[in-house]
1. Is there a simple number for the mean count of other chain Cβ atoms within 10 Å of the Cβ of residues in A:112-121, and what is it?
2. How do A:Trp449, B:Trp115, B:Trp411, A:Trp57 rank when sorted from fewest to most other Cβ atoms within 10 Å of their own Cβ?
3. If the convex hull of the alpha-carbon atoms of the stretch A:260-325 is projected onto planes in all directions, what is the mean projected area in square nanometres?
4. Hey, what did chain B get for relative contact order, percent, Cα under 8 Å, at least 6 apart?
5. Tell me the Kirkwood hydrodynamic radius of chain A in angstroms, computed as one over the mean inverse distance between distinct C-alpha pairs.
6. Could you give the distance between the Cα centres of the stretch A:171-186 and the stretch A:47-70, to the whole Å?
7. Tally Lys/Arg at +1 and Asp/Glu at -1 over every other residue whose Cβ is under 9 Å from the Cβ of B:Ser402; what's the total?
8. Just for the Cα atoms in chain B, what are the lengths along the principal axes, largest first, rounded to whole Å?
Amino acid sequence: MSQLLTWTTLLPAAILLSSLVPGALIFLLREESHVLRGVLNMAGAIIKLVLVAVLIWGVFLGVVFESRVTIAPGLDLVLHADALSVLFVTLSTVLWLVTTIYAIGYLEHSPNRSRFFGFFSLCVSATVGIALAGNLLTFVIFYEILTLATYPLVAHRGTPDATRGAKIYLAYTMAGGVALLIGAVWLRSLTGPVDFVEGGVLAAMPEALHPQLIAIFLFLLVGLGVKAALFPFHGWLPQSMVAPAPVSSLLHAVAVVKAGAFGIVRVVYDVYGVEFASQLGLLTILGIMASFTIVYGSVMALTQDGLKKRLAYSTVSQVSYIALGASILGPVATIGGMVHLVHQGIMKITLFFCAGNYAETLGVHKVSQMDGVGRRMPWTTLAFSVGALGMIGIPPIAGFVSKWYLGLGAVEAGEHWVLLILAASTLLNAAYFLPILYKAWFRDPPQEWPNEHVFDSRFETMGALLWPPVITAALCIIAGLLAAAPFSPLEWATLIARREYQP
Amino acid sequence: MTTDSLILPIALPLLGALLATALPRIAPLLGVLTAALTAMSGLWLTGLVWVSGDLSIVLGGWGLPLGIGLSADGLSAALLAMSSLVGLGISVYALGYFSGSERGLHFWPLWLLLWTALNGVFLAADLFNLYVMLELLGLSAAALGALTGSRDAVSANLRYLLVGLLGSITYLLGVALIYTAYGTLDIGLLSERVEPSALVSTSLVLMTAGLALKAALFPLHFWLPPAHANAPAPVSAALSALVVKAAFYLILRLWTDLFATITDAGAAFILGALGAGAILWGSWRALRAERLKLLAAYSTVAQIGYLFLFFPLLQALPPGPARDDLFAACVLMAVTHGFAKAGFFLAAGLVQKKAGHDRIDELGGAAQSMPATTFSIALAGSALIGLPPSGSFIAKWVLMQSALETGQWWWLIVIALGTLLAAAYIFRVLSRAFGQEPTPQCFITDARAEIPALLLALASVALLGLAAGPIWSLLGFEGVQI
């Protein structure tokens, strides 16, 4: 399938390559070439941001972007930008830039940086590939590459704990990958190539195939549910907390967990079609799983003393909001789920950056050690508070907007039980976040911090560590306050919902 | 032109082998030079088949039933291209690996002889010449395998030699039966003439059994792991990546070409079931292996199993685009494994050299100090698991799709289990590379040794996984049009 090389066919590929090429080059760098590595990292991140800005504008105007490579007859690698992919691409590009700055600061003087940043770039490339995948085959390919690229990041520290965490991560994701592969191949054997089309492609399938389509959905759901950390496939997530803080941030906010949630959204809306999925009873299964996971994750978070573990269980809970949004039939709930894809990302990355700052600056790893950190590190704690309050759903922070639309959508669809889930989750979120804030701001600091580093800096910690959470916390507030402004995540989610529900 | 291009891939390495024997002092130089020329001639022939379709000639001035016939079609050209590139990689690597050692002098003539036989198998057009080439292949392979001279290596390869002879003899019996019935051994003529009969069936069973023994199809694989694991690294690579493929190629040729009218679903199912056994047993043993090269050898047993899963499905599909796709996927799988396994063994050899042993549990330091080599193992490993974007992922995708379309869904269970087991044994190795050893200073530490392994592994992933289309074109298939 030959294609004219124009900017609309090259742009998706260029966005992918803007992190893949620097990543490949970084592997080849000598360990001590800090400057060159930094330049490659930042250049890739900034070029990607510019390209994505062009993409957003184009998709908004309705331009069709598609890069297509034929791997073998009938098997095409397709990168296609629609409104939903733009949402995810933008999220990962913006957060990649921020996380790169953070990681450069965080890993200063630590070993194996060429390896780390090489895989880090591969990981983002795979995420962008997932976002732009135009058919199921392409999605599966990038989904598996993501597994491979994140394994070295989780194992990076090399401690026995890290090795164990990475092994558990791999066991879960590989098993999930096989389930996804079986589902994808099965679907393809029934329908031919499965292109993602707004509104879905399967509604016209003959009735006799419906049982098979349900079985396929279950396979896909298992495969995607592992990465999205849906109960009971979430076991790897708390274990992989051993990874360095920038990796945890990336895993939880952008890459792995989001890839799973994004996949669920894709399958529901653009493969099955939300009405057809509802008709097959698939949304009920998804809704029950998501609701259970939301409550379960929150309850588990309550019992954790490790700060990163508490955040990890909070992720388990929060990411399921996205699946919950997808499981309710109706445009308003769709908007709530979609916009949470972005909102959860910026809030959770803020929280993980802050957790990393506490650990790096003060040696504080546990909630019980956090007495008075607000006085020692006010800016970090301020950012943390914004993230935490947003997670609880307090206006005007971004998380409120997601919950509002989810609740409204549930009422509109007549699914009133969802409100109970949301209320329970809000209470639980408050129960595990507010004590932290209380300790941080109102308790007296201890005589001595567990392991304090004094950085040569005007601020409470190194600048490269401080600015990223402050920036993302600001984004959380802006996304909430200016939710109705053009090109805000909410407006974009509304655009997606409009296109998905178009007759 | 055609004549030369068909003869050269066989004649060049033979000539090189003779010269390397006569002039041992410059054997390495002669060897690499010959390797480069042989690879070029192989690729040239592949190019010719691509452009102008099947080629064949008869040597010696005699007519077809009597003369020595050579022919090349898409299948042989694809495997020839593989043997050319992999062979070249192995040769460059061997130059560094054997430099300054006495053993190297024996390596070159034997290796070139092996390459001659290998190309001979791919290009021979009649069953008897195939037997001669197979015999030559078995002899040179066993001699190469015993090159280290250690007691383990010698005893393993003596067994390899005997098994190889038994396999060839069984195959020859089958050939003799065919000859008594039809009076010719030319594959082209025979495929037009054979008709179902007890004699032909017996002959097919004998030939398949003999070749299955040589291809190490479960449960006839017992000889392979010790022989492949105890050879020097470049030899292991050649044995695992190339030599077993020769026997597999012949089985594929017999089943889909010569005896296409004789085979039935039951027989094909048996091959598939043995393949399934190979996948599960081979992967399991690889997972339990204590040594890196033994792991790689058992992984070959498993990978051969995948190739045999194609038979029941090829049998079930009617001629047409869907079957063409499956056939191309089968070739893609074989070729990808060739590249990946060669890359894996070459990289494993470097790790072994660095660490002084290849016990997996103690390899951490060596693996971490050679990033490029570990990276090659990871790339080749992902092709062995069948993860995207490798050629074996594409092949597996088509294989699974055909299994579902023909209603033989049970193979999916085997593939899924095999994939998980493969991931487990590959990552058992890779997890060693993430320890708290000192940071290596740069990516490539020894270019001449590391680059061939890296390129072979990279080809199995990036090249065959993202641009597998040429295999379809080479085989003359359009593919399923949508």
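1. Details: counts 8, 1, 6, 9, 0, 0, 3, 0, 0, 0.
Average per residue, whole number: 3.
2. On the way: A:Trp449 17, B:Trp115 31, B:Trp411 23, A:Trp57 12.
Result, fewest neighbours first: A:Trp57, A:Trp449, B:Trp411, B:Trp115.
3. On the way: hull surface 16.6 nm².
Computed as one quarter of the Cα hull surface, the answer is 4.1 nm².
4. Numbers: 857 pairs, mean separation 71.8, N = 482.
Computed over chain B, the figure is 15 percent.
5. Details: mean 1/r = 0.0443 Å⁻¹.
Kirkwood hydrodynamic radius for chain A: 22.6 Å.
6. Using only Cα atoms to place each centre, the spacing works out to 30 Å.
7. With Lys, Arg at +1 and Asp, Glu at -1, the neighbours total -1.
8. Sorted largest first, the three principal extents are 67, 56, 43 Å.
All of the numbers you see were taken from the coordinates with simple rules; none came from a lab. The model shown is predicted, which means the values in this text are computed figures rather than measured ones. Neighbour counts are summed over all protein chains in view; Cβ atoms, including those assigned to glycine, are modelled from backbone coordinates with ideal geometry.
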